[in-house]
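Some notes on the structure that comes next.
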Amino acid sequence: MANAIQRNSTWKPTWQNATETISGSPLTSFLHEKGGAIIGTGGLLHQIAASDISALADHLAAAATVGSMTLVNVESSDGVLCSLLQELGADRFIVQYEMCLSLPNPS
């Protein structure tokens with residue numbers, strides 16, 4: 001699964017959704033015959049990647065039939081994924097910003 005995600009992903013997951021972080025969780029995973037994968041647990045979608053738009057749409061549509069799902073830390077520049085989520089009726093309810101502050105080195 002991790003290989004399929006890495007091969008087809010258009011952006012790197014945040015540390016909260018990285019393979020190393022979620023590897024100890026009871027996960028549900030699906031591979032798609034067109035190429036791609038989806039990994040999640042308990043309605044939370046951790047990673048998704050696909051070789052083409054139709055495979056991505058198939059993954060999202062299948063996941064949506066299970067019940068409610070939440071995607072955390074979606075890369076806002078991924079217009080394809082964001083458009084597909086909107087078509088399924090997804091609501092964006094939190095916007096997060098990563099911030100970094102460089103402090104002077106006390107000598």
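The values are calculated or read from the model by the stated rules, or taken from the named source; none is laboratory data. None of these values were measured; they are calculated from a predicted model. Methodologically, a virtual Cβ is constructed for each residue, glycine included, from the backbone with ideal geometry; neighbour enumeration extends over all protein chains shown. Just the protein is used for accessible areas: all its heavy atoms, side chains included, with ligands, DNA and RNA removed. Shrake-Rupley method; radii C 1.70, N 1.55, O 1.52, S 1.80 Å.
Per-structure values
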item	result
Residues of segment 1-58 classified as in contact with a helix residue (DSSP H, G or I) (Cβ under 7 Å, 6 or more places away or on another chain), at pLDDT 70 or above and open to solvent by 30 Å² or more (accessible area, probe 1.4 Å), total	6
All positions within segment 52-89 that are within 18 Å of GLY40 (Cα to Cα) and among the polar types (S, T, N, Q)	THR65, SER68, THR70, ASN73
Residue list for segment 63-106, filter: among the small types (Gly, Ala, Ser) and open to solvent by less than 60 Å² (accessible area, probe 1.4 Å)	ALA63, ALA64, GLY67, GLY79, SER83, GLY89, ALA90
Test: residue in segment 93-104 that is at pLDDT 75 or above and over 22 Å from THR14 (Cα atoms)	yes
